[in-house]
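Notes to accompany the following structure.
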Amino acid sequence: TCLSTSGGGGSYHSPASHLLELEGLRFLLDCPIDLSALAAFAPVPLTDGAGGLIRAVPRYWSPAAAAAAKAGGVDAVLVSSATGMLGLPFLTRLPGFANTKIYVTEVAARIGKLMMGELVDMHREFVRYYGPDTDGLPKWMEGEKFNELLLLLQKVVAEDEGKDLTSLMPLYRSVKVIYLSGNIEECMQKIQPVKYGEEVCFNGIFMLKASSSGLELGNSVWTIKGPRASTTYLPSSVFVSAHALDFDYSSLKENDVILFSDLSSLNDMDVDNEKLDEHAMDETDSSLCHHSVLRDDGADADEKIPLLCNSDDITEEIERISFICSSIISAIKSGGSVLIPVGRLGVILLLLELISETLHSSSIKVPIFMISEAAEEIIVFTNALPEWLCKSRQEKLFSGEALFGHVELLKEGKLFLFPHLHSKGLLAAWKEPCIVLCPHWNLRLGPAVHLLRRWHADKRCLLVLEQGNDAELSLKPFMPLAIQVLECSFLSGVRAAKIDTLLGVLKPKFVMLPKGLKSRCSVKERPWSFLYYSKGKTIELPNLRQDFEVHLATEAALGLRPRQLDETTAVARLRPKLLVSSGKYMLAAAAKQPDQQSKRHLLHRGAVDPGCLLSALLEKGMICSFTADDNSAGGERCVLITSPGDALVKIAPDRTVIYCDDDRISKHIYDALSSV
């Protein structure tokens, strides 16, 4: 069930969320906050330009958390990115989530904790201005203000989601407060961090494994292997990265089901559609057949990988960031300062690197400020995790070079790190024009609000924004605006034109795609089946395997005493224990029980010939005969034994039963029966 689609900030800042039910267990896949909804609130301190915006302590928009809470709890949460865990503290305080386990990579967990702490820190500014928020319904969610809020929310979030205000929640705390729970530390205690490629066993029957998605440091694609099916959860991914470890294909190949949750591919549909319009198409055409990367010429899956792993996308990304650098230099030369409230760690790292090179080549000396509560820890952190970086970065480590360009900027005293605008030492170091990287991209929180108010009327200054938000609404509180605004889009995931080739490499049986991609999928016959999901709709897949493999423990196997039934078949009795471990079912030898052979019905396979059994009993010296009331017409015959003791053997088409009170005699009868 899709709980939420990506928010107004795009799939990078607000990934989609899903509820997956397998073998009676529930998995929550990502739990983000859609921070683009904050555009409905006025930043503080208030100005005349905030007309129509909500003037109150903000509530935070998390449809995934609201839906998961309504579902009553989940067994496990799989997190694909740092942004995908921002909504978790809303859930971990609830009773239904007391025993829930959360799995996320070590790097994403650390970055996510820093992001949550920074969000709480920036939120305090609203609390200081308006006073403490209450857990009850605020006044602005009642009466006429309610309708105004709906209209505002539908501008910044999906239209169908903007009508459900249960998704608006008071923000959690960073530390525990008396009578209040749901803080960050409690959430982090439930997290089990993992490395790429590390297999984790959940509940005995599922093996979970995270592999690199290539989009960002610590971002992951998850594989869930169960007894009847293997599932890939594929969020926003990039095949080749300029900073993070590249996309890992090997661990995803031939999984049964792919849940394709990379909604960034919907964002480039307009561009692709322009290309598609060059070709007249009807419903029988392959909608993407003209893209060379999607040609199905019978190429082996391994031969298709270079088509995906070419560096075209990353080259475009570098060119895009280089253009931003050239715009920054132009603004600096004109005497203006530059404000960059971009929330992507990878983009920030590359931007600092290219700014350093550009400033060095142009001989311009200008201070660069990174103002964020997490700035210092993030910068130190990124230089201590080479195993999470792309190969080109890892090679720098072995050659003795710095992993990223900001190291040189710090050494040369060109880059300054401060947690707040009011930090001690910032005023002494401050000099304009300057370049400032700070949160928050929604222009409602953090240092960006105050710096934009300082520079918004200066036409020499430059504001670098990320596309994906309603820029008009975001900039509304800062009008009239003279500052130059540069809106940029960044690589956020798999391009729509490469989806089919990716599936050809991975070879699944079923693919679940967002409904918005239905018109983009090739109608050419494929070995896999497509299913299309939308928010709130549940899709059921049949069990791919009704039966599942069970392994026999060596000790139990060695204890078997097979009896040959015919030339091809032998049968043995086994009294095992059924164990589940590391996703495998195992039959192990049970503890030895007292010999109860005489008290139980021992079974043999195959029909019994009554005449042969009578002969075998006579050979053992028993006095026996068929009973007078023998029902041979109905297929049932009875052998009556009178010596050496009383016994009866009933032979029916489906079973043979020995009736005898004497253990010794019943064993002789059983041996005779076994011989035939």
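What follows draws every value from the coordinates through simple rules; no lab data is involved. Keep in mind it's a predicted model, so treat the numbers as computed, not measured. In this analysis, Cβ positions are derived from the backbone assuming ideal geometry, glycine residues included, and neighbour counts consider all displayed protein chains.
Tabulated values for the structure
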| quantity | calculated |
| --- | --- |
| Gyration tensor (alpha-carbon) shape descriptor, the range 313-488, a/c threshold 1.5 | prolate |
| Pairwise label distance in nanometres, Ser399 with Leu578, each label 7 Å out on the Cα-Cβ vector | 5.9 |
| For the range 313-488, size of Cβ-based charge dipole, Lys and Arg +1, Asp and Glu -1, in debye | 740 |
| Those residues of the range 610-628 whose amide nitrogen sits under 15 Å from the label point placed on Arg563, 7 Å along Cα→Cβ | 613, 616-617 |
| GluC sites (Glu not before Pro) restricted to DSSP loop in the range 492-592 with at most 12 other C-beta within 10 Å | Glu525, Glu540, Glu549, Glu567 |
| Farthest toward positive dipole pole in the range 610-674 [+1 Lys/Arg, -1 Asp/Glu at C-beta], among Val639, Cys660, Leu617 | Leu617 |
| Under Karplus coefficients 6.51, -1.76 and 1.60, residue-wise ³J(HN,Hα) of the range 359-370 in Hz, glycine/proline x | 5, 5, 6, 9, 6, 9, 10, 8, x, 10, 10, 10 |
| Given charges at Cβ of Lys, Arg, Asp, Glu: the range 313-488 dipole, positive-most of Cys438, Cys488, Asn383 | Cys438 |
| Cut-off 9 Å between beta-carbons: net charge of the residues surrounding Pro527, Lys and Arg +1, Asp and Glu -1 | +2 |
| HN-Hα J in Hz across the range 467-478 - Karplus 6.51, -1.76, 1.60, θ = phi - 60°, x for Gly and Pro | 5, x, 9, 7, 4, 4, 5, 4, 8, 3, x, 10 |
| Full-extension gain in nm, Ala652 to Leu426, via 0.36 nm per residue minus C-alpha separation | 71.8 nm |
| Across Lys113/Lys424; Lys70/Lys518; Lys113/Lys365, pairs whose alpha-carbon gap is larger than 26 Å | Lys70/Lys518; Lys113/Lys365 |
| Over the range 313-488, relative contact order from alpha-carbon pairs under 8 Å, at least 6 apart, % | 33 |
